[in-house]
Structures are given as structure tokens and as C-alpha cells.
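Participant: There's a structure below that I have some questions on.
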Amino acid sequence: KAGVTQTPRYLIKTRGQQVTLSCSPISGHRSVSWYQQTPGQGLQFLFEYFSETQRNKGNFPGRFSGRQFSNSRSEMNVSTLELGDSALYLCASSDSTTRGEQFFGPGTRLTVL
Amino acid sequence: AQSVTQPDIHITVSEGASLELRCNYSYGATPYLFWYVQSPGQGLQLLLKYFSGDTLVQGIKGFEAEFKRSQSSFNLRKPSVHWSDAAEYFCAVGHPGGGNKLTFGTGTQLKVEL
């Protein structure tokens, strides 16, 4: 079974631009969660989608948004990029509706200049 | 608010030595508990999990962890470390009834000396 895939793996943007990251979950998994990882703040939960509905949301500004499609693939969008948005963005998928057991993708490394 | 504390930022052990990584959590009830490992440039790999029942859980790569309710701890152990275990280790709590949101600790960077 193929794992969680994320595209692109690396991205360089400039301040003020917007960016869209993509995540394809493990086949059959209906839950997709997104996390931001930075050296200063560590791993922080952004949001979770389940069956195309946002089920949980972390404490991030409205510039961070996401969506999930009927095939469970998910995208997250960051508008008006700031230098502090530079991070590794990790996507995780799950086939359980609770319990939090998740499988992570390799991440997208976003650099904002 | 829920929180996870990993008091050791860096740990260095010799290959073949035993390992214990500490994790303490703050949560209103018994959470779901996880240990993940991250190698450089990689995503997170699940080592083991605790939901309920037997407080000593076995994971992959020879790791085990023990849940101690009285100490709000979930420490990770390995009897004999291999050089390939060098990586960053994260403890995380899940929230029963709260979907799949995980709250992570700050991580422990493990270095293995040959």
C-alpha cells in the first residue's frame, strides 16, 4: 500500500505570495491532518479534515486554510506569506475516526524569502 | 490545556547501551499516547501507541514504552541502542473524542556514539 504523498517536496516563495500544498492520503483513509514544524515552535496542529469537512482546527490565523476533496486528497493554502511561515508542513492520514493514530508523509519544505 | 513535556532536548548514548526517553503529559483524563521518530529530512514514523489496557506496550524496532498514570508519564525504552536509532523522537497525546488532533512534545534528539 502506498504511503502518504505530499507535493511539492520543496518550495521557495517570497513574502506576500500565496502557496498551495497537496497531500494524498493512504488509500482508504478518510481523515487528513496538517501540521507545521519549525525549530522554534516545534510540531503544531493546523487542521483536520474528515469526509470533506473540517473537524478540528488549531490556533493559526485565517491565512491558513485547507480543503479536502471527495477522493480524500487534501490541499492547504497559505495566503500573504510571511517569513515566519517558513517551515516543514506535514500531512498525516488515518483510517480511524478517533484515537489519533496517524501516518505521516515526508513533508513539504516551504521557504519564504 | 493539554501539554506534553519532553525534558531532555539532547541525549547521547553509546551503541549497545540502554535508552530511556522521558515524556510527561498534562491532560484531564487518560489520553491516547504515541511515540514517533523522525530521521533528518523525513516525516514521522509511528513507533508505538497506547490506548488502554496493558500499560507496557511494545513497538517496532525493539522499542517499548510504559504508561504510568500516577506519574502522567509515558517513557520510551530500548534495551540496546543501534547506531541507526540516531534520530529525533517525539511523544504525542491524542484527545479521546477529539478527532485525530495530536499535541506533540518538543522532541528529544538522540545521538549514538559508536
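Participant: Please list, short to long, the whole-number percent of alpha-carbon pairs of the stretch A:10-56 in consecutive 10 angstrom bins beginning at zero.
Facilitator: Histogram of Cα-Cα distances, whole percents per bin: 20, 42, 33, 5.
Participant: Report, as an integer, the average count of C-beta atoms from other chains found within 10 Å of each Cβ along B:40-48.
Facilitator: Other-chain Cβ atoms within 10 Å of each residue's Cβ, averaged: 5.
Participant: Of all beta bridges DSSP finds with both residues in chain A, what is the antiparallel percent, to the nearest 5?
Facilitator: 90 percent
Participant: Once you have the alpha carbon radius of gyration of chain A, what is it after dividing by 2.2 N^0.38 Å, with N set to its residue count?
Facilitator: 0.99
Participant: Got a sec? Charge dipole of the protein assembly as shown, +1 on Cβ for Lys and Arg, -1 for Asp and Glu; which of A:THR7, B:VAL93, B:GLN42 is way out at the positive end?
Facilitator: Ranked along the dipole, the leading option is A:THR7.
Participant: Right, another one. Taking K and R as +1 and D and E as -1, what net charge do the other residues with C-beta under 9 Å from the C-beta of A:GLU48 add up to?
Facilitator: Charge balance near A:GLU48 sits at +3.
Participant: Taking the highest mean first, how do the peptides A:83-91, A:13-21 order by number of other beta carbon atoms within 10 angstrom per residue?
Facilitator: Put in order of decreasing packing, that is A:83-91, A:13-21.
Participant: Output ³J(HN,Hα) for the stretch B:72-80: one whole-Hz value per residue in order, computed from phi by the Karplus curve 6.51 cos²θ - 1.76 cosθ + 1.60 with θ = phi - 60°, and x for Gly and Pro.
Facilitator: Couplings: 6, 10, 8, 7, 9, 9, 8, x, 8 Hz.
Participant: Mean 1/r over all different Cα pairs, inverted: what Kirkwood radius does the stretch B:69-114 give, in Å?
Facilitator: Its Kirkwood hydrodynamic radius stands at 12.9 Å.
Participant: When Lys and Arg each count +1 and Asp and Glu each count -1, what net charge do the other residues less than 13 Å away from B:THR106, Cβ to Cβ, add up to?
Facilitator: That sum, taken over residues with Cβ under 13 Å, equals -1.
Participant: State the volume of the convex hull built on the alpha-carbon positions of chain B, expressed per residue in Å³ and rounded to an integer.
Facilitator: 100 Å³
Participant: Once you list every other residue whose beta carbon is under 11 Å from the beta carbon of A:ASP85, what net charge do they have if Lys and Arg are +1 and Asp and Glu are -1?
Facilitator: Neighbour charge sum, excluding A:ASP85 itself: +2.
Participant: Same structure, new question: For the ranges A:35-46, B:82-93, what's the packing order if you count other beta-carbon atoms within 10 Å of each residue, average per peptide, and put the highest first?
Facilitator: B:82-93, A:35-46
Participant: So what is the diffusion coefficient of the protein assembly as shown in µm² per second by Stokes-Einstein at 37 °C and 0.692 mPa s, using a Kirkwood Rh over Cα pairs?
Facilitator: Once the numbers are plugged in, D ends up at 182 µm²/s.
Participant: Return the average number of partner chain Cβ atoms within 10 angstrom of each residue Cβ along peptide B:81-90.
Facilitator: Taking all residues of B:81-90 together, the mean is 0.
Participant: Partner chain Cβ atoms within 10 Å, averaged over the residues of A:35-46 - can you pull that number for me?
Facilitator: 3
Participant: With N set to the residue count of the stretch A:50-113, report its C-alpha Rg divided by 2.2 N^0.38 Å to two decimal places.
Facilitator: Against the compact-globule rule of thumb, the ratio is 1.21.
Every number here is computed from the coordinates shown, using simple stated rules; none is lab data. Bear in mind the structure is a predicted one, so any value in this text is a computation, not a measurement. Using ideal geometry, Cβ is built from the backbone for each residue, glycine included, and neighbour counts are taken over all protein chains shown.
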